[in-house]
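Enquirer: Pasting a structure below so you can have a look.
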Amino acid sequence: MSSRDQILARVRAAVADAPEAPEATRDYLTTHTTDDPAAVLDLLHENLADYRAVVHRIRPEGLPALLARLLAERGATTVLTPSGLPDGWLAEATATLTPDTPASTPGELDAVDSVVTGCAVAIAETGTIVLDGSADQGRRRITLVPDHHICVVRAPEQVVASVPQALPRLDPARPLTWISGPSATSDIELDRVEGVHGPRTLEVVLVEE
(Lines give C-alpha, C1' and ligand atoms only; values in the text may rest on other atoms or scores of the structure.)
Protein backbone atom coordinates (compact mmCIF):
# COMPACT_ATOMS: atom_id res chain seq x y z
CA MET A 1 0.00 0.00 0.00
CA SER A 2 1.37 3.39 -0.98
CA SER A 3 1.63 6.36 1.38
CA ARG A 4 -1.23 7.99 -0.49
CA ASP A 5 -3.47 4.98 0.04
CA GLN A 6 -2.60 4.90 3.73
CA ILE A 7 -3.47 8.56 4.20
CA LEU A 8 -6.77 8.21 2.35
CA ALA A 9 -7.66 5.11 4.36
CA ARG A 10 -7.09 7.00 7.61
CA VAL A 11 -9.25 9.89 6.40
CA ARG A 12 -12.08 7.50 5.47
CA ALA A 13 -11.86 5.81 8.85
CA ALA A 14 -11.90 9.13 10.67
CA VAL A 15 -15.07 10.36 8.94
CA ALA A 16 -16.88 7.05 8.72
CA ASP A 17 -19.27 7.88 11.57
CA ALA A 18 -19.60 11.58 10.81
CA PRO A 19 -23.14 12.85 10.16
CA GLU A 20 -24.03 13.81 6.62
CA ALA A 21 -23.49 17.44 5.76
CA PRO A 22 -26.70 19.48 5.73
CA GLU A 23 -28.10 20.56 2.38
CA ALA A 24 -26.65 23.93 1.38
CA THR A 25 -29.14 26.76 1.55
CA ARG A 26 -29.32 28.89 -1.56
CA ASP A 27 -31.95 31.43 -0.60
CA TYR A 28 -29.51 34.34 -0.80
CA LEU A 29 -30.22 37.39 -2.93
CA THR A 30 -28.86 37.37 -6.46
CA THR A 31 -28.52 41.15 -6.41
CA HIS A 32 -28.61 44.05 -3.98
CA THR A 33 -29.51 46.58 -6.65
CA THR A 34 -32.82 47.96 -7.84
CA ASP A 35 -34.34 46.65 -11.06
CA ASP A 36 -34.29 50.16 -12.56
CA PRO A 37 -31.99 49.95 -15.64
CA ALA A 38 -31.00 53.61 -15.28
CA ALA A 39 -29.93 53.07 -11.66
CA VAL A 40 -27.98 49.94 -12.63
CA LEU A 41 -26.18 51.86 -15.39
CA ASP A 42 -25.36 54.70 -12.98
CA LEU A 43 -23.94 52.17 -10.51
CA LEU A 44 -21.80 50.60 -13.25
CA HIS A 45 -20.49 54.04 -14.18
CA GLU A 46 -19.66 54.83 -10.55
CA ASN A 47 -17.81 51.57 -9.90
CA LEU A 48 -15.91 51.64 -13.19
CA ALA A 49 -14.67 55.11 -12.32
CA ASP A 50 -13.82 53.96 -8.80
CA TYR A 51 -11.48 51.39 -10.38
CA ARG A 52 -9.83 54.22 -12.37
CA ALA A 53 -11.40 53.38 -15.70
CA VAL A 54 -12.26 56.42 -17.82
CA VAL A 55 -15.99 56.28 -18.51
CA HIS A 56 -17.93 57.92 -21.35
CA ARG A 57 -21.68 57.84 -22.04
CA ILE A 58 -23.07 58.36 -25.50
CA ARG A 59 -26.05 57.63 -27.73
CA PRO A 60 -25.49 55.13 -30.58
CA GLU A 61 -25.41 57.81 -33.27
CA GLY A 62 -22.56 59.61 -31.48
CA LEU A 63 -20.32 56.56 -31.05
CA PRO A 64 -18.15 56.89 -34.22
CA ALA A 65 -17.34 60.53 -33.48
CA LEU A 66 -16.55 59.79 -29.84
CA LEU A 67 -14.22 56.89 -30.69
CA ALA A 68 -12.44 59.04 -33.27
CA ARG A 69 -11.98 61.81 -30.70
CA LEU A 70 -10.70 59.47 -27.98
CA LEU A 71 -8.14 57.95 -30.34
CA ALA A 72 -7.04 61.36 -31.57
CA GLU A 73 -6.65 62.68 -28.03
CA ARG A 74 -4.56 59.62 -27.23
CA GLY A 75 -2.39 60.30 -30.27
CA ALA A 76 -3.08 56.79 -31.57
CA THR A 77 -1.85 56.22 -35.10
CA THR A 78 -2.53 52.47 -35.14
CA VAL A 79 -5.63 50.76 -33.76
CA LEU A 80 -6.01 47.00 -33.36
CA THR A 81 -9.48 45.75 -34.32
CA PRO A 82 -11.11 42.34 -33.80
CA SER A 83 -12.58 40.73 -36.91
CA GLY A 84 -16.19 41.18 -35.80
CA LEU A 85 -16.08 44.80 -34.69
CA PRO A 86 -19.34 46.35 -35.97
CA ASP A 87 -19.08 48.30 -39.19
CA GLY A 88 -19.22 52.00 -38.59
CA TRP A 89 -17.78 52.14 -35.07
CA LEU A 90 -14.46 53.41 -36.39
CA ALA A 91 -15.78 55.02 -39.55
CA GLU A 92 -14.56 58.48 -38.48
CA ALA A 93 -11.20 57.38 -37.04
CA THR A 94 -8.13 58.67 -38.88
CA ALA A 95 -5.73 56.12 -37.36
CA THR A 96 -4.58 53.08 -39.31
CA LEU A 97 -6.80 50.10 -38.47
CA THR A 98 -4.81 46.92 -37.91
CA PRO A 99 -6.84 43.70 -38.02
CA ASP A 100 -6.12 41.02 -35.45
CA THR A 101 -4.46 37.98 -37.02
CA PRO A 102 -3.20 34.74 -35.42
CA ALA A 103 0.25 35.49 -36.85
CA SER A 104 0.61 38.71 -34.82
CA THR A 105 3.59 38.47 -32.48
CA PRO A 106 3.69 39.93 -28.95
CA GLY A 107 6.12 42.55 -30.23
CA GLU A 108 3.75 43.61 -33.00
CA LEU A 109 0.85 43.83 -30.56
CA ASP A 110 2.95 45.88 -28.16
CA ALA A 111 3.69 48.37 -30.94
CA VAL A 112 -0.01 49.06 -31.49
CA ASP A 113 -1.23 52.29 -29.88
CA SER A 114 -4.80 51.26 -29.01
CA VAL A 115 -7.33 48.45 -29.25
CA VAL A 116 -11.11 48.85 -29.57
CA THR A 117 -13.47 46.01 -28.64
CA GLY A 118 -16.99 45.20 -27.58
CA CYS A 119 -17.77 43.11 -24.50
CA ALA A 120 -19.85 40.12 -23.42
CA VAL A 121 -21.38 41.59 -20.26
CA ALA A 122 -20.78 44.38 -17.73
CA ILE A 123 -21.46 43.96 -14.01
CA ALA A 124 -22.61 47.06 -12.14
CA GLU A 125 -22.06 45.98 -8.52
CA THR A 126 -18.42 45.10 -9.11
CA GLY A 127 -17.55 47.51 -11.93
CA THR A 128 -16.40 44.57 -14.04
CA ILE A 129 -16.25 44.12 -17.81
CA VAL A 130 -16.24 40.52 -19.06
CA LEU A 131 -14.83 39.52 -22.44
CA ASP A 132 -15.46 36.05 -23.88
CA GLY A 133 -13.45 36.08 -27.10
CA SER A 134 -16.44 36.67 -29.38
CA ALA A 135 -15.89 38.20 -32.80
CA ASP A 136 -16.32 41.80 -31.58
CA GLN A 137 -13.76 41.22 -28.81
CA GLY A 138 -11.09 39.11 -30.45
CA ARG A 139 -8.54 36.88 -28.80
CA ARG A 140 -7.58 37.48 -25.19
CA ARG A 141 -4.06 38.68 -25.93
CA ILE A 142 -5.17 41.69 -27.99
CA THR A 143 -6.71 43.23 -24.85
CA LEU A 144 -3.74 42.37 -22.62
CA VAL A 145 -0.71 43.55 -24.61
CA PRO A 146 -1.62 47.00 -26.03
CA ASP A 147 -1.32 49.85 -23.53
CA HIS A 148 -4.70 51.46 -24.28
CA HIS A 149 -8.03 49.62 -24.45
CA ILE A 150 -11.37 51.18 -25.40
CA CYS A 151 -14.25 48.83 -24.55
CA VAL A 152 -17.76 49.54 -25.83
CA VAL A 153 -20.70 48.39 -23.68
CA ARG A 154 -24.23 48.46 -25.08
CA ALA A 155 -26.77 49.42 -22.43
CA PRO A 156 -29.07 48.11 -21.19
CA GLU A 157 -28.80 44.73 -22.96
CA GLN A 158 -25.19 44.02 -21.93
CA VAL A 159 -25.44 45.42 -18.39
CA VAL A 160 -26.44 43.36 -15.35
CA ALA A 161 -26.47 44.24 -11.68
CA SER A 162 -24.54 41.33 -10.16
CA VAL A 163 -22.18 38.42 -10.76
CA PRO A 164 -24.98 35.81 -10.25
CA GLN A 165 -26.92 37.54 -13.03
CA ALA A 166 -23.86 37.59 -15.30
CA LEU A 167 -22.85 33.95 -15.02
CA PRO A 168 -25.86 32.45 -16.88
CA ARG A 169 -24.97 34.69 -19.84
CA LEU A 170 -21.43 33.34 -20.09
CA ASP A 171 -20.15 30.09 -21.54
CA PRO A 172 -17.54 28.64 -19.13
CA ALA A 173 -15.88 26.86 -22.05
CA ARG A 174 -14.95 30.18 -23.64
CA PRO A 175 -11.79 32.18 -22.71
CA LEU A 176 -13.33 34.59 -20.18
CA THR A 177 -11.41 37.73 -19.19
CA TRP A 178 -12.77 39.66 -16.19
CA ILE A 179 -11.60 43.28 -16.11
CA SER A 180 -12.07 45.64 -13.18
CA GLY A 181 -10.22 48.80 -14.15
CA PRO A 182 -6.80 49.12 -15.79
CA SER A 183 -4.12 46.58 -14.98
CA ALA A 184 -2.41 47.48 -11.70
CA THR A 185 -0.42 46.08 -8.81
CA SER A 186 1.30 47.42 -5.69
CA ASP A 187 4.70 46.63 -4.25
CA ILE A 188 5.47 46.02 -0.58
CA GLU A 189 5.42 49.78 0.06
CA LEU A 190 1.96 50.02 -1.59
CA ASP A 191 3.23 52.05 -4.52
CA ARG A 192 0.68 51.50 -7.29
CA VAL A 193 2.03 50.55 -10.71
CA GLU A 194 -0.33 50.38 -13.69
CA GLY A 195 0.05 48.49 -16.95
CA VAL A 196 1.74 45.43 -15.47
CA HIS A 197 -0.25 42.56 -16.97
CA GLY A 198 -2.73 44.43 -19.15
CA PRO A 199 -3.53 47.90 -20.49
CA ARG A 200 -2.34 50.91 -18.55
CA THR A 201 -5.41 52.87 -19.62
CA LEU A 202 -8.94 51.44 -19.84
CA GLU A 203 -11.69 53.57 -21.36
CA VAL A 204 -15.26 52.27 -21.22
CA VAL A 205 -17.91 53.70 -23.52
CA LEU A 206 -21.46 53.11 -22.31
CA VAL A 207 -23.73 53.31 -25.35
CA GLU A 208 -27.23 54.10 -24.10
CA GLU A 209 -29.95 52.86 -26.41
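The values are calculated or read from the model by the stated rules, or taken from the named source; none is laboratory data. Here the structure is a predicted model, which is why all the values come from computation and not from measurement. Positions of Cβ are generated from backbone atoms using ideal geometry, with glycine treated the same way; all protein chains shown enter the neighbour counts. Remember, those area values only see protein heavy atoms, side chains included, never the ligands or the DNA or RNA. Shrake-Rupley method; radii C 1.70, N 1.55, O 1.52, S 1.80 Å.
Enquirer: Report the residue count in segment 38-53 for those that are assigned to a helix (DSSP H, G or I), farther than 12 Å from Leu206 by Cβ and open to solvent by 70 Å² or more (accessible area, probe 1.4 Å).
Expert: 1
Enquirer: Another one. Kindly establish whether Ala76 is in a loop (DSSP other than H, G, I, E, B) and of a type in the set (A, V, I, L, M). Steps first, answer last, please.
Expert: On the way: in a loop (DSSP other than H, G, I, E, B): yes; of a type in the set (A, V, I, L, M): yes.
Yes; evaluated as a whole, the condition is true for this residue.
Enquirer: Turning to a different aspect of this structure: Would you confirm whether any residue within segment 83-90 is surrounded by 14 or more Cβ atoms within 10 Å (Cβ to Cβ) and touching a helix residue (DSSP H, G or I) at 6+ places or on another chain (Cβ under 7 Å)?
Expert: yes
Enquirer: Mind checking which residues of segment 102-117 are over 22 Å from Leu66 (Cβ atoms) and surrounded by 12 or more Cβ atoms within 10 Å (Cβ to Cβ)? Please lay out each step first, then the result.
Expert: Just the residues of segment 102-117 that are over 22 Å from Leu66 (Cβ atoms), to begin with: 102-111.
Passing the criteria: Ser104, Glu108, Leu109, Ala111.
Enquirer: I'm told Thr31 meets every condition in (1) in a loop (DSSP other than H, G, I, E, B); (2) open to solvent by 50 Å² or more (accessible area, probe 1.4 Å) except one. Can you identify the failing condition by its number?
Expert: With respect to (1) in a loop (DSSP other than H, G, I, E, B); (2) open to solvent by 50 Å² or more (accessible area, probe 1.4 Å), Thr31 is out only on (2).
Enquirer: Take the residues in segment 159-192 that are hydrophobic (A, V, I, L, M, F, W, C) and assigned to a loop (DSSP other than H, G, I, E, B), then tell me which one is modelled with the lowest pLDDT. So that I can check it myself, show each step before the final result.
Expert: If we filter segment 159-192 for residues that are hydrophobic (A, V, I, L, M, F, W, C), which is where we start, we get 159-161, 163, 166-167, 170, 173, 176, 178-179, 184, 188, 190.
Filter once more, so that each one left must be assigned to a loop (DSSP other than H, G, I, E, B): 161, 170, 173, 176, 188, 190.
Values: Ala161: 97, Leu170: 98, Ala173: 95, Leu176: 97, Ile188: 71, Leu190: 67.
It comes out as Leu190.
Enquirer: Being over 13 Å from the mean Cα position of the chain (by Cα), surrounded by fewer than 16 Cβ atoms within 10 Å (Cβ to Cβ) and either modelled with pLDDT of 95 or more or over 21 Å from Leu90 (Cα atoms) (or both) is the requirement here; does Val196 meet it? Reasoning before the result, please.
Expert: On the way: over 13 Å from the mean Cα position of the chain (by Cα): yes; surrounded by fewer than 16 Cβ atoms within 10 Å (Cβ to Cβ): yes; either modelled with pLDDT of 95 or more or over 21 Å from Leu90 (Cα atoms) (or both): yes.
So Val196 passes the test.
Enquirer: Quick one: which of Asp171, Asp132, Asp147 is open to solvent by 10 Å² or more (accessible area, probe 1.4 Å), closer than 15 Å to Gly84 by Cα and acidic (Asp, Glu)? Reasoning before the result, please.
Expert: Details: Asp171 fails: closer than 15 Å to Gly84 by Cα; Asp147 fails: closer than 15 Å to Gly84 by Cα.
Just a single option satisfies the conditions, and that option is Asp132.
Enquirer: Taking the conditions exactly as written (surrounded by fewer than 18 Cβ atoms within 10 Å (Cβ to Cβ) and modelled with pLDDT of 95 or more), does Pro156 satisfy them or not?
Expert: On the way: surrounded by fewer than 18 Cβ atoms within 10 Å (Cβ to Cβ): yes; modelled with pLDDT of 95 or more: yes.
Yes, satisfied.
Enquirer: I would also like to ask the following. Is it fair to say Arg12 is part of a helix (DSSP H, G or I) and open to solvent by 30 Å² or more (accessible area, probe 1.4 Å)? Give the steps one after another, and end with the answer.
Expert: Values: part of a helix (DSSP H, G or I): yes; open to solvent by 30 Å² or more (accessible area, probe 1.4 Å): yes.
Yes; evaluated as a whole, the condition is true for this residue.
Enquirer: Could you look through segment 54-82, keep only residues that are charged (D, E, K, R) and within 19 Å of Pro156 (Cβ to Cβ), and pick out the one that is surrounded by the most Cβ atoms within 10 Å (Cβ to Cβ)? Even if it seems obvious, please write down each step before you answer.
Expert: Looking only at segment 54-82, we keep the residues that are charged (D, E, K, R), and these are 57, 59, 61, 69, 73-74.
Next, only the ones that are within 19 Å of Pro156 (Cβ to Cβ) stay: 57, 59, 61.
On the way: Arg57: 16, Arg59: 10, Glu61: 8.
Top of the filtered list is Arg57.
Enquirer: Identify, from the list Thr98, Thr105, the residue that is closer than 17 Å to Leu144 by Cβ and either without any contact (Cβ under 8 Å) to a residue 12 or more places away in the chain or hydrophobic (A, V, I, L, M, F, W, C) (or both).
Expert: None of the others qualify; the one that does is Thr105.
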